[in-house]
Amino acid sequence: MIGRLIAGRYELASVIGQGGMGQVWTAYDRRLDRRVAVKLLRPDKVAGGEDAEELRSRFDRECRVTAQVDHPGLVTVHDAGADGDELYLVMQYLDGADLGDHLAEHDPYPWPWAVAVAAQLCAVLAAVHAVPIVHRDLKPRNVMVRPDGTVTVLDLGVASVLNTDTTRLTHTGSPIGSPAYMAPEQAMGGAVGPRTDLYALGVLLHELVSGNVPFAGATALGVLHRHLYEAPVPLRRLRPEVPEPLESLVLRLLAKDPQHRPASAQDVHRELAALLPVAGAGHPQLGPMDPTRPFLRPHAPWPDRPVPPAPSTPPAPVAAAPGADLAAAVDEVRRLLDAGRITQAVDMLGGLLPAAAERHGPHSPVLRTLRKQYAATLMEDGQYRRALPELRGLSEEFASQYGGADRQALQFRYEAAQCLEQLGDAAAALTEYRVLLPYFEQFAASGSASATVPLDIRRRIGHLLLSVGDRPGARDVLTRLLYDAERVHGPHHPFPAEVRRTLAWLGQVQV
(Lines give C-alpha, C1' and ligand atoms only; values in the text may rest on other atoms or scores of the structure.)
Protein backbone atom coordinates (compact mmCIF):
# COMPACT_ATOMS: atom_id res chain seq x y z
CA MET A 1 0.00 0.00 0.00
CA ILE A 2 2.87 2.42 0.73
CA GLY A 3 3.42 4.50 -2.39
CA ARG A 4 0.00 3.62 -3.80
CA LEU A 5 -1.45 6.45 -5.85
CA ILE A 6 -5.09 7.31 -5.14
CA ALA A 7 -6.98 8.99 -7.99
CA GLY A 8 -3.68 9.45 -9.82
CA ARG A 9 -2.73 12.22 -7.40
CA TYR A 10 -2.50 11.27 -3.69
CA GLU A 11 0.52 9.12 -2.81
CA LEU A 12 0.02 7.10 0.40
CA ALA A 13 2.87 7.42 2.91
CA SER A 14 2.06 5.96 6.34
CA VAL A 15 -0.94 4.67 8.32
CA ILE A 16 -2.06 6.95 11.15
CA GLY A 17 -5.34 5.22 12.02
CA GLN A 18 -7.07 1.93 11.39
CA GLY A 19 -10.48 0.44 12.07
CA GLY A 20 -12.77 -2.31 10.94
CA MET A 21 -14.10 -0.32 7.99
CA GLY A 22 -10.93 1.29 6.68
CA GLN A 23 -7.71 3.19 7.31
CA VAL A 24 -6.44 6.77 7.55
CA TRP A 25 -3.13 7.56 5.86
CA THR A 26 -0.78 10.48 5.61
CA ALA A 27 -0.34 11.16 1.93
CA TYR A 28 1.14 13.66 -0.50
CA ASP A 29 -0.84 15.65 -2.97
CA ARG A 30 1.49 15.50 -5.97
CA ARG A 31 -0.27 18.31 -7.78
CA LEU A 32 0.01 20.89 -4.97
CA ASP A 33 3.00 19.41 -3.07
CA ARG A 34 1.31 19.34 0.30
CA ARG A 35 0.68 16.79 3.00
CA VAL A 36 -2.90 15.56 3.33
CA ALA A 37 -4.83 12.88 5.19
CA VAL A 38 -6.62 10.21 3.16
CA LYS A 39 -9.37 8.06 4.64
CA LEU A 40 -10.03 4.80 2.78
CA LEU A 41 -13.33 2.97 3.35
CA ARG A 42 -14.41 -0.46 2.19
CA PRO A 43 -18.12 -0.55 1.31
CA ASP A 44 -18.12 -4.37 1.48
CA LYS A 45 -17.10 -4.11 5.16
CA VAL A 46 -20.19 -2.03 5.90
CA ALA A 47 -22.91 -3.34 3.65
CA GLY A 48 -23.82 -6.51 1.84
CA GLY A 49 -22.91 -6.83 -1.83
CA GLU A 50 -26.33 -5.63 -2.98
CA ASP A 51 -26.02 -2.43 -0.87
CA ALA A 52 -22.43 -1.49 -1.71
CA GLU A 53 -23.27 0.55 -4.81
CA GLU A 54 -26.02 2.43 -2.99
CA LEU A 55 -23.56 3.23 -0.21
CA ARG A 56 -21.08 4.57 -2.77
CA SER A 57 -23.74 6.89 -4.19
CA ARG A 58 -24.75 8.14 -0.75
CA PHE A 59 -21.09 8.66 0.17
CA ASP A 60 -20.52 10.88 -2.87
CA ARG A 61 -23.71 12.86 -2.16
CA GLU A 62 -22.99 13.33 1.53
CA CYS A 63 -19.40 14.39 0.88
CA ARG A 64 -20.58 17.04 -1.55
CA VAL A 65 -23.02 18.37 1.03
CA THR A 66 -20.64 18.33 3.99
CA ALA A 67 -17.85 19.97 1.95
CA GLN A 68 -20.11 23.02 1.73
CA VAL A 69 -20.17 23.51 5.52
CA ASP A 70 -17.75 26.35 6.21
CA HIS A 71 -16.51 26.52 9.81
CA PRO A 72 -12.97 26.81 11.25
CA GLY A 73 -13.77 24.00 13.69
CA LEU A 74 -14.29 21.48 10.88
CA VAL A 75 -11.51 19.66 9.06
CA THR A 76 -11.38 20.84 5.46
CA VAL A 77 -12.43 18.28 2.85
CA HIS A 78 -10.31 18.54 -0.30
CA ASP A 79 -11.58 15.65 -2.40
CA ALA A 80 -13.65 12.46 -2.35
CA GLY A 81 -14.49 9.58 -4.65
CA ALA A 82 -13.89 5.93 -5.39
CA ASP A 83 -10.61 4.19 -6.21
CA GLY A 84 -11.02 0.55 -7.11
CA ASP A 85 -12.99 -1.21 -4.37
CA GLU A 86 -12.48 1.61 -1.88
CA LEU A 87 -14.02 4.99 -1.20
CA TYR A 88 -11.58 7.75 -0.38
CA LEU A 89 -11.89 11.04 1.45
CA VAL A 90 -9.01 13.53 1.20
CA MET A 91 -8.81 15.93 4.14
CA GLN A 92 -6.64 18.64 5.60
CA TYR A 93 -3.66 17.21 7.51
CA LEU A 94 -3.75 18.42 11.12
CA ASP A 95 -1.06 18.72 13.77
CA GLY A 96 -2.14 18.03 17.31
CA ALA A 97 -3.58 15.23 19.43
CA ASP A 98 -6.98 13.64 19.33
CA LEU A 99 -9.12 14.46 22.34
CA GLY A 100 -8.82 10.91 23.69
CA ASP A 101 -5.04 11.19 23.88
CA HIS A 102 -5.29 14.75 25.21
CA LEU A 103 -7.51 13.50 28.04
CA ALA A 104 -5.11 10.64 28.82
CA GLU A 105 -2.16 13.05 28.99
CA HIS A 106 -3.95 15.44 31.39
CA ASP A 107 -5.52 13.43 34.20
CA PRO A 108 -7.52 14.81 35.87
CA TYR A 109 -8.68 17.03 33.04
CA PRO A 110 -9.20 20.62 34.30
CA TRP A 111 -12.93 21.32 34.23
CA PRO A 112 -12.39 24.76 32.55
CA TRP A 113 -10.69 22.86 29.71
CA ALA A 114 -13.72 20.58 29.42
CA VAL A 115 -15.99 23.63 29.21
CA ALA A 116 -13.75 25.22 26.57
CA VAL A 117 -13.73 22.04 24.47
CA ALA A 118 -17.51 21.71 24.71
CA ALA A 119 -18.07 25.36 23.82
CA GLN A 120 -15.96 25.01 20.67
CA LEU A 121 -17.81 21.81 19.77
CA CYS A 122 -21.14 23.61 20.20
CA ALA A 123 -20.03 26.25 17.72
CA VAL A 124 -19.25 23.51 15.20
CA LEU A 125 -22.50 21.63 15.86
CA ALA A 126 -24.53 24.81 15.42
CA ALA A 127 -23.05 25.29 11.94
CA VAL A 128 -23.53 21.62 11.05
CA HIS A 129 -27.10 21.40 12.31
CA ALA A 130 -28.03 24.50 10.31
CA VAL A 131 -27.39 22.61 7.01
CA PRO A 132 -29.02 20.36 8.39
CA ILE A 133 -26.56 17.52 9.07
CA VAL A 134 -26.31 15.30 12.12
CA HIS A 135 -22.80 14.10 12.90
CA ARG A 136 -23.97 10.86 14.59
CA ASP A 137 -20.51 9.82 15.80
CA LEU A 138 -19.19 12.60 18.03
CA LYS A 139 -16.52 11.12 20.31
CA PRO A 140 -12.99 12.00 21.50
CA ARG A 141 -11.31 10.10 18.66
CA ASN A 142 -13.18 12.27 16.17
CA VAL A 143 -12.00 15.52 17.78
CA MET A 144 -8.51 17.03 17.41
CA VAL A 145 -6.92 19.52 19.80
CA ARG A 146 -4.44 21.61 17.82
CA PRO A 147 -1.28 23.25 19.20
CA ASP A 148 -3.01 26.64 19.46
CA GLY A 149 -5.78 25.15 21.63
CA THR A 150 -8.46 25.16 18.94
CA VAL A 151 -10.65 22.11 18.54
CA THR A 152 -11.41 20.53 15.14
CA VAL A 153 -14.13 17.97 14.42
CA LEU A 154 -13.35 15.11 12.04
CA ASP A 155 -15.41 12.67 10.00
CA LEU A 156 -18.39 14.91 9.38
CA GLY A 157 -20.68 13.22 6.89
CA VAL A 158 -18.88 9.87 6.93
CA ALA A 159 -20.78 8.78 10.02
CA SER A 160 -24.10 9.84 8.51
CA VAL A 161 -23.38 7.77 5.42
CA LEU A 162 -22.41 4.70 7.41
CA ASN A 163 -25.10 5.06 10.06
CA THR A 164 -28.34 5.60 8.16
CA ASP A 165 -29.68 2.64 10.15
CA THR A 166 -27.73 2.63 13.41
CA THR A 167 -29.03 -0.71 14.62
CA ARG A 168 -27.93 -2.51 11.45
CA LEU A 169 -24.98 -4.84 11.93
CA THR A 170 -22.17 -5.32 9.45
CA HIS A 171 -21.75 -8.73 7.86
CA THR A 172 -19.18 -9.47 10.57
CA GLY A 173 -21.81 -9.01 13.28
CA SER A 174 -20.30 -5.81 14.74
CA PRO A 175 -22.53 -2.80 15.44
CA ILE A 176 -21.91 0.34 13.39
CA GLY A 177 -21.00 3.41 15.42
CA SER A 178 -19.69 3.93 18.94
CA PRO A 179 -22.06 2.46 21.57
CA ALA A 180 -20.47 4.43 24.44
CA TYR A 181 -21.64 7.70 22.85
CA MET A 182 -24.97 6.64 21.31
CA ALA A 183 -28.16 8.38 22.31
CA PRO A 184 -31.04 6.03 23.27
CA GLU A 185 -33.02 6.90 20.14
CA GLN A 186 -29.96 6.19 18.00
CA ALA A 187 -29.38 2.85 19.73
CA MET A 188 -33.00 1.86 19.11
CA GLY A 189 -32.88 2.77 15.42
CA GLY A 190 -35.23 5.71 15.83
CA ALA A 191 -35.11 9.07 14.12
CA VAL A 192 -31.98 11.04 14.89
CA GLY A 193 -31.63 14.81 14.97
CA PRO A 194 -29.50 17.61 16.42
CA ARG A 195 -30.35 16.53 19.97
CA THR A 196 -28.76 13.15 19.21
CA ASP A 197 -25.42 14.95 18.80
CA LEU A 198 -26.10 16.90 22.01
CA TYR A 199 -26.45 13.61 23.90
CA ALA A 200 -23.03 12.53 22.57
CA LEU A 201 -21.70 15.92 23.68
CA GLY A 202 -23.04 15.18 27.18
CA VAL A 203 -21.25 11.81 27.21
CA LEU A 204 -18.04 13.50 26.06
CA LEU A 205 -18.31 16.23 28.70
CA HIS A 206 -18.96 13.65 31.43
CA GLU A 207 -15.89 11.71 30.28
CA LEU A 208 -13.64 14.78 30.22
CA VAL A 209 -14.61 15.81 33.75
CA SER A 210 -14.82 12.40 35.42
CA GLY A 211 -12.26 10.47 33.38
CA ASN A 212 -14.82 7.84 32.30
CA VAL A 213 -17.88 7.60 30.07
CA PRO A 214 -21.12 7.52 32.09
CA PHE A 215 -22.13 4.10 30.73
CA ALA A 216 -19.58 1.34 30.20
CA GLY A 217 -19.86 -2.41 29.86
CA ALA A 218 -18.24 -5.61 28.60
CA THR A 219 -20.43 -5.82 25.48
CA ALA A 220 -21.97 -3.35 23.07
CA LEU A 221 -25.46 -4.56 23.94
CA GLY A 222 -24.74 -4.12 27.64
CA VAL A 223 -23.61 -0.53 27.06
CA LEU A 224 -26.70 0.25 24.96
CA HIS A 225 -28.94 -1.22 27.66
CA ARG A 226 -27.42 1.15 30.24
CA HIS A 227 -27.96 4.11 27.92
CA LEU A 228 -31.62 3.16 27.72
CA TYR A 229 -32.40 2.41 31.35
CA GLU A 230 -29.75 3.75 33.78
CA ALA A 231 -29.28 7.26 35.12
CA PRO A 232 -25.79 8.82 34.96
CA VAL A 233 -23.89 9.59 38.16
CA PRO A 234 -23.93 13.37 38.81
CA LEU A 235 -20.50 14.89 38.20
CA ARG A 236 -20.17 16.59 41.59
CA ARG A 237 -20.18 13.21 43.30
CA LEU A 238 -17.05 12.42 41.32
CA ARG A 239 -15.45 15.90 41.20
CA PRO A 240 -16.83 18.11 44.01
CA GLU A 241 -15.06 21.21 42.63
CA VAL A 242 -17.16 21.14 39.44
CA PRO A 243 -19.64 24.04 39.31
CA GLU A 244 -23.25 23.06 39.85
CA PRO A 245 -24.41 24.66 36.54
CA LEU A 246 -22.01 22.37 34.64
CA GLU A 247 -23.32 19.29 36.45
CA SER A 248 -26.90 20.33 35.72
CA LEU A 249 -26.15 20.92 32.04
CA VAL A 250 -24.51 17.50 31.62
CA LEU A 251 -27.49 15.76 33.26
CA ARG A 252 -29.88 17.53 30.87
CA LEU A 253 -27.73 16.65 27.87
CA LEU A 254 -27.91 13.00 28.97
CA ALA A 255 -31.69 12.94 29.26
CA LYS A 256 -33.20 9.75 27.81
CA ASP A 257 -36.00 11.67 26.08
CA PRO A 258 -34.62 14.02 23.38
CA GLN A 259 -37.35 16.56 24.23
CA HIS A 260 -35.87 16.92 27.74
CA ARG A 261 -32.44 17.90 26.41
CA PRO A 262 -31.47 21.50 25.55
CA ALA A 263 -33.17 22.70 22.40
CA SER A 264 -30.06 23.48 20.36
CA ALA A 265 -26.27 23.72 20.30
CA GLN A 266 -26.68 27.51 20.52
CA ASP A 267 -28.52 27.13 23.83
CA VAL A 268 -25.81 24.85 25.21
CA HIS A 269 -23.13 27.32 24.11
CA ARG A 270 -24.91 30.13 25.96
CA GLU A 271 -24.85 28.11 29.18
CA LEU A 272 -21.21 27.16 28.72
CA ALA A 273 -20.23 30.77 27.96
CA ALA A 274 -21.04 31.73 31.56
CA LEU A 275 -18.45 29.16 32.74
CA LEU A 276 -15.69 30.01 30.27
CA PRO A 277 -12.50 31.67 31.57
CA VAL A 278 -12.44 35.43 31.05
CA ALA A 279 -9.57 37.14 29.23
CA GLY A 280 -7.38 39.18 31.56
CA ALA A 281 -8.69 37.53 34.70
CA GLY A 282 -5.32 36.35 35.96
CA HIS A 283 -5.57 32.88 34.45
CA PRO A 284 -2.41 30.80 35.10
CA GLN A 285 0.13 30.48 32.34
CA LEU A 286 -1.25 28.57 29.39
CA GLY A 287 0.05 25.06 28.97
CA PRO A 288 0.60 23.11 25.76
CA MET A 289 -2.55 22.79 23.64
CA ASP A 290 -4.73 24.51 26.25
CA PRO A 291 -8.27 24.60 24.80
CA THR A 292 -9.12 27.69 26.89
CA ARG A 293 -6.53 29.69 24.95
CA PRO A 294 -8.88 30.76 22.11
CA PHE A 295 -11.12 32.40 24.74
CA LEU A 296 -8.33 33.95 26.82
CA ARG A 297 -6.33 35.20 23.82
CA PRO A 298 -8.70 35.20 20.83
CA HIS A 299 -6.98 35.20 17.45
CA ALA A 300 -3.54 35.38 19.07
CA PRO A 301 -0.64 33.75 17.21
CA TRP A 302 0.10 30.15 17.97
CA PRO A 303 2.34 29.68 21.00
CA ASP A 304 5.97 28.74 20.56
CA ARG A 305 6.29 24.98 20.63
CA PRO A 306 8.89 22.35 19.81
CA VAL A 307 9.18 21.63 16.12
CA PRO A 308 7.15 18.48 15.44
CA PRO A 309 9.13 15.54 14.12
CA ALA A 310 8.68 14.53 10.53
CA PRO A 311 5.95 11.92 10.05
CA SER A 312 7.16 8.36 10.45
CA THR A 313 7.39 7.74 6.75
CA PRO A 314 9.11 4.38 6.22
CA PRO A 315 12.45 4.69 4.42
CA ALA A 316 12.61 3.68 0.80
CA PRO A 317 14.04 0.22 0.11
CA VAL A 318 17.82 0.38 -0.22
CA ALA A 319 20.59 -2.06 -1.01
CA ALA A 320 22.92 -3.64 1.54
CA ALA A 321 26.07 -1.60 0.87
CA PRO A 322 26.36 1.74 2.75
CA GLY A 323 27.19 3.56 -0.48
CA ALA A 324 24.11 2.12 -2.11
CA ASP A 325 22.00 3.23 0.87
CA LEU A 326 23.14 6.79 0.46
CA ALA A 327 22.95 6.78 -3.31
CA ALA A 328 19.41 5.39 -3.33
CA ALA A 329 18.21 7.94 -0.76
CA VAL A 330 19.85 10.93 -2.42
CA ASP A 331 18.74 9.86 -5.90
CA GLU A 332 15.14 9.55 -4.70
CA VAL A 333 15.30 12.93 -2.99
CA ARG A 334 16.70 14.49 -6.16
CA ARG A 335 13.90 12.91 -8.16
CA LEU A 336 11.32 14.36 -5.77
CA LEU A 337 12.98 17.77 -5.80
CA ASP A 338 13.15 17.78 -9.59
CA ALA A 339 9.42 17.03 -9.60
CA GLY A 340 8.80 19.95 -7.22
CA ARG A 341 7.71 17.63 -4.40
CA ILE A 342 9.86 19.23 -1.70
CA THR A 343 7.54 18.40 1.20
CA GLN A 344 7.71 14.71 0.35
CA ALA A 345 11.50 14.87 -0.04
CA VAL A 346 11.83 16.44 3.42
CA ASP A 347 9.66 13.77 5.02
CA MET A 348 11.47 10.96 3.23
CA LEU A 349 14.82 12.15 4.55
CA GLY A 350 13.38 12.67 8.03
CA GLY A 351 12.11 9.08 7.97
CA LEU A 352 15.49 7.75 6.80
CA LEU A 353 17.55 9.33 9.59
CA PRO A 354 16.56 7.01 12.49
CA ALA A 355 17.06 3.88 10.39
CA ALA A 356 20.43 5.15 9.11
CA ALA A 357 21.56 5.95 12.66
CA GLU A 358 20.63 2.48 13.88
CA ARG A 359 22.25 0.73 10.92
CA HIS A 360 25.42 2.77 10.45
CA GLY A 361 25.94 4.44 13.82
CA PRO A 362 25.22 7.96 15.10
CA HIS A 363 28.53 9.40 13.87
CA SER A 364 28.87 7.54 10.58
CA PRO A 365 29.66 9.37 7.32
CA VAL A 366 26.48 7.91 5.84
CA LEU A 367 24.29 9.47 8.53
CA ARG A 368 26.09 12.80 8.33
CA THR A 369 25.60 12.95 4.58
CA LEU A 370 21.90 12.27 5.00
CA ARG A 371 21.66 14.93 7.71
CA LYS A 372 23.39 17.45 5.43
CA GLN A 373 20.93 16.66 2.66
CA TYR A 374 18.04 16.87 5.14
CA ALA A 375 19.10 20.31 6.40
CA ALA A 376 19.68 21.59 2.86
CA THR A 377 16.25 20.36 1.76
CA LEU A 378 14.59 21.95 4.79
CA MET A 379 16.22 25.26 3.88
CA GLU A 380 15.13 24.91 0.26
CA ASP A 381 11.58 24.33 1.49
CA GLY A 382 11.79 27.44 3.69
CA GLN A 383 11.52 25.38 6.91
CA TYR A 384 14.22 27.35 8.69
CA ARG A 385 13.01 26.56 12.20
CA ARG A 386 13.44 22.84 11.56
CA ALA A 387 16.73 23.29 9.69
CA LEU A 388 18.37 25.36 12.46
CA PRO A 389 18.90 22.60 15.08
CA GLU A 390 20.15 20.20 12.39
CA LEU A 391 22.74 22.70 11.18
CA ARG A 392 23.84 23.61 14.68
CA GLY A 393 24.23 19.95 15.57
CA LEU A 394 26.33 19.26 12.49
CA SER A 395 28.51 22.32 13.14
CA GLU A 396 29.15 21.27 16.73
CA GLU A 397 30.03 17.71 15.73
CA PHE A 398 32.55 18.81 13.08
CA ALA A 399 34.03 21.42 15.42
CA SER A 400 34.40 18.83 18.19
CA GLN A 401 36.15 16.42 15.83
CA TYR A 402 38.26 18.77 13.71
CA GLY A 403 38.41 22.02 15.70
CA GLY A 404 36.41 25.22 15.76
CA ALA A 405 38.18 26.59 12.67
CA ASP A 406 37.21 23.61 10.51
CA ARG A 407 35.78 24.90 7.25
CA GLN A 408 32.87 22.44 7.15
CA ALA A 409 31.92 23.27 10.75
CA LEU A 410 31.97 26.97 9.89
CA GLN A 411 29.94 26.38 6.71
CA PHE A 412 27.17 24.73 8.76
CA ARG A 413 27.38 27.59 11.25
CA TYR A 414 27.05 30.06 8.35
CA GLU A 415 23.91 28.30 7.13
CA ALA A 416 22.53 28.27 10.68
CA ALA A 417 23.09 32.04 10.81
CA GLN A 418 21.05 32.36 7.61
CA CYS A 419 18.24 30.47 9.35
CA LEU A 420 18.40 32.91 12.28
CA GLU A 421 18.23 35.79 9.81
CA GLN A 422 15.19 34.31 8.07
CA LEU A 423 13.49 33.67 11.42
CA GLY A 424 13.83 37.34 12.31
CA ASP A 425 16.45 36.97 15.06
CA ALA A 426 18.55 39.84 13.74
CA ALA A 427 20.75 40.27 16.82
CA ALA A 428 21.76 36.62 16.98
CA ALA A 429 22.37 36.44 13.21
CA LEU A 430 24.47 39.61 13.31
CA THR A 431 26.62 38.19 16.11
CA GLU A 432 27.17 34.97 14.18
CA TYR A 433 28.09 36.71 10.91
CA ARG A 434 30.61 38.95 12.67
CA VAL A 435 32.29 35.91 14.23
CA LEU A 436 32.32 34.01 10.93
CA LEU A 437 33.54 36.82 8.65
CA PRO A 438 37.31 36.68 9.55
CA TYR A 439 37.39 32.91 8.98
CA PHE A 440 35.83 33.12 5.51
CA GLU A 441 38.07 36.08 4.58
CA GLN A 442 41.04 33.92 5.53
CA PHE A 443 39.72 31.01 3.43
CA ALA A 444 39.27 33.36 0.45
CA ALA A 445 42.78 34.83 0.86
CA SER A 446 44.31 31.35 0.91
CA GLY A 447 42.38 30.33 -2.19
CA SER A 448 40.52 27.51 -0.40
CA ALA A 449 37.16 29.22 -0.75
CA SER A 450 35.41 31.64 -3.09
CA ALA A 451 35.85 35.35 -2.49
CA THR A 452 32.11 35.81 -2.87
CA VAL A 453 31.22 34.25 0.50
CA PRO A 454 32.83 36.97 2.66
CA LEU A 455 31.26 39.59 0.39
CA ASP A 456 27.84 37.99 0.97
CA ILE A 457 28.43 37.92 4.73
CA ARG A 458 29.32 41.62 4.71
CA ARG A 459 26.18 42.42 2.70
CA ARG A 460 24.09 40.49 5.22
CA ILE A 461 25.75 42.36 8.10
CA GLY A 462 24.94 45.69 6.44
CA HIS A 463 21.29 44.76 5.93
CA LEU A 464 20.96 43.46 9.50
CA LEU A 465 22.44 46.70 10.86
CA LEU A 466 19.73 48.52 8.93
CA SER A 467 17.08 46.23 10.42
CA VAL A 468 18.21 46.99 13.99
CA GLY A 469 18.26 50.73 13.30
CA ASP A 470 22.04 51.30 13.02
CA ARG A 471 22.10 53.37 9.83
CA PRO A 472 25.63 54.81 10.30
CA GLY A 473 27.02 51.32 10.87
CA ALA A 474 25.17 49.97 7.84
CA ARG A 475 26.36 52.87 5.67
CA ASP A 476 29.99 52.26 6.68
CA VAL A 477 29.81 48.49 6.03
CA LEU A 478 28.05 48.85 2.66
CA THR A 479 30.29 51.68 1.42
CA ARG A 480 33.40 49.57 2.02
CA LEU A 481 31.62 46.55 0.52
CA LEU A 482 30.74 48.41 -2.69
CA TYR A 483 34.40 49.13 -3.45
CA ASP A 484 35.45 45.49 -2.93
CA ALA A 485 32.41 44.08 -4.77
CA GLU A 486 33.13 46.20 -7.85
CA ARG A 487 36.74 45.07 -7.75
CA VAL A 488 35.76 41.37 -7.61
CA HIS A 489 32.68 41.36 -9.85
CA GLY A 490 32.94 44.52 -11.93
CA PRO A 491 30.72 47.61 -11.64
CA HIS A 492 27.79 46.20 -13.66
CA HIS A 493 27.37 42.90 -11.83
CA PRO A 494 24.02 42.45 -9.97
CA PHE A 495 25.75 42.16 -6.58
CA PRO A 496 27.41 45.63 -6.49
CA ALA A 497 24.32 47.04 -8.22
CA GLU A 498 22.19 45.88 -5.29
CA VAL A 499 24.63 47.39 -2.78
CA ARG A 500 24.62 50.64 -4.75
CA ARG A 501 20.82 50.81 -4.67
CA THR A 502 20.81 50.33 -0.89
CA LEU A 503 23.35 53.11 -0.45
CA ALA A 504 21.34 55.31 -2.81
CA TRP A 505 18.34 54.77 -0.58
CA LEU A 506 20.53 55.89 2.33
CA GLY A 507 21.38 59.01 0.31
CA GLN A 508 25.07 58.40 -0.09
CA VAL A 509 25.63 57.80 -3.81
CA GLN A 510 23.72 58.21 -7.04
CA VAL A 511 22.29 55.11 -8.78
Expressed in square angstrom to the nearest 10, the accessible area of LYS372 with a 1.4 Å probe stands at 70 Å²
Exposure ranking of GLU244, GLU332 by accessible area [1.4 Å probe, largest first]: GLU244, GLU332
With equal scatterers on the alpha carbons only and no solvent term, can you work out the Debye log10 of I(q)/I(0) for the range 364-480 at 0.24 1/Å? -1.37
Please provide three numbers in whole Å: the alpha-carbon extents of the range 57-161 along the principal axes, with the largest listed first. 44, 29, 21
Among the aspartates and glutamates, select those whose C-alpha is under 17 Å from the C-alpha of LYS39, and discard any that sit fewer than 8 residues away in the same chain. GLU11, ASP29, ASP60, GLU62, ASP79, ASP83, ASP85, GLU86, ASP95, ASP98, ASP137, ASP155
Quick calc, ALA191 & GLU230: beta-carbon distance into FRET formula, R0 30 Å, rounding 0.05, result 0.85
Tally Lys/Arg at +1 and Asp/Glu at -1 over every other residue whose Cβ is under 13 Å from the Cβ of ARG9; what's the total? 0
Check ILE6: other-chain or 5+ apart residues with amide H under 5 Å from its amide H, H built from backbone geometry? GLU11, LEU12
Between GLN401 and HIS299, what length comes free when the chain is fully extended (0.36 nm per residue of separation minus the Cα-Cα distance, one decimal in nm)? 32.0 nm
Put ASP95, ASP338, ASP29 in order of accessible area, largest first, 1.4 Å probe: what do you get? ASP338, ASP95, ASP29
Can you tell me which of 376-387, 231-242 comes out highest on packing, and rank the rest after it, using the mean Cβ neighbours within 10 Å? 376-387, 231-242
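Keeping all protein chains in place, calculate the accessible area per residue for the range 363-477 (probe 1.4 angstrom), answer in Å².
On the way: 5280 Å² over 115 residues.
On a per-residue basis, 46 Å².
Hey, if we sort ASP137, ASP257 by accessible area with the 1.4 Å probe, largest down, what's the order?
Highest to lowest solvent-accessible surface, that is ASP257, ASP137.
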Roughly how many whole Å is it from the C-alpha centroid of the range 339-371 to that of the range 470-511? 41 Å
How large, in percent, is the carbon and sulfur part of the accessible surface of the range 377-445 at a probe radius of 1.4 Å? 44 percent
Accessible area of PHE295, 1.4 Å probe, to the nearest 10 Å²? 60 Å²
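The values are calculated or read from the model by the stated rules, or taken from the named source; none is laboratory data. None of these values were measured; they are calculated from a predicted model. Every residue, glycine among them, receives a Cβ derived from its backbone with ideal geometry; neighbour counts consider all protein chains shown. Calculation scope for accessible area: heavy atoms of the full protein, side chains included, ligands and nucleic acids excluded. Shrake-Rupley method; radii C 1.70, N 1.55, O 1.52, S 1.80 Å.
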